[in-house]
């Protein structure tokens, strides 16, 4: 499984959201995550792809979504890029704040962070790259830490 | 599995039996249209049965919140019935579990409406 990669260029459509979710689900199962972790990874990928398609590219058919899955030595790494105006990580409202609790939107990034071990947001000028990382239990990195 | 919504009335409460996925796109639209239709017809006691909803994303959560505020703004009440573990966990994470009135039993839920 180590070293396996998937790279796709997706249209800015709702179908792409479902495709990315399904692809991540299959990949996570192949890595060996349990059902609960697979569900968390799949949902994080769904939310990240929604961000790219809806908020980033705004369904613009001229703009594409980059979707990359990789199994590294100790993690599953998902990278999703869009070609939109860019998501400033410092300007993401807290959906748990009382004034935001009953807002209809704004929970996507929060859920991604809740379900993944690491989330990196990078502005691409134009566009945004979201890197989602889930550590594999018992993989090389974990064993190394445990032995220190 | 796409989402389905069936509506029935019990003791003056409109119960919406939802099944499938409430996600961006069709699922969220069906929920939105169903609740707006009920409110438009003057219904003020609405119970969303989520017992067969196996998946919900942030768009679906947003639609539940929107339904809640829509009904409340019309002077009504919207409550949730029978959350699956996944939906329960999501509402806990997003701190919405305490916002919604959540019931496990339909009879108890119906009696709880004013």
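None of the figures in this text is laboratory data; all of them are computed from the coordinates on show. Model, not experiment: these values are computed from the prediction. We place every Cβ from the backbone using ideal geometry, glycine too, and count neighbours over all the protein chains shown.
Structure above, values below:
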| item | result |
| --- | --- |
| Ranked list, fewest to most other Cβ atoms within 10 Å of each Cβ, for B:3, A:76 | B:3, A:76 |
| Neighbour-count order for A:16, B:58, fewest beta carbons within 10 angstrom listed first | A:16, B:58 |
| Which of B:55, A:59, B:97 has the fewest Cβ neighbours within 10 Å, and the rest in rising order | A:59, B:97, B:55 |
| Residue A:122-residue A:94 FRET efficiency (beta carbon distance; Förster radius 25 Å; 0.05 resolution) | 0.75 |
| Rounded to 10°, Cα long-axis angle of helix A:35-50 versus longest principal axis of chain A | 30 |
| Rounded if a/c under 1.5, otherwise prolate or oblate - region A:1-132, Cα gyration tensor axes | oblate |
| Segment residue B:85-residue B:29, length gained on full extension (0.36 nm per residue, minus Cα span) | 17.8 nm |
| Estimated 222 nm signal from helices in chain A, with DSSP H stretches of n ≥ 4 weighted -39500 (n - 2.57), rounded to 500 | -10500 deg cm²/dmol |
| Cα shape, region B:4-107, gyration tensor, a/c 1.5 rule | rounded |
| Potential lengthening between residue B:108 and residue B:72 on full extension [0.36 nm per residue; Cα-Cα distance subtracted] | 10.9 nm |
| For chain A: relative contact order, % (alpha-carbon pairs under 8 angstrom, 6 or more apart) | 26 |
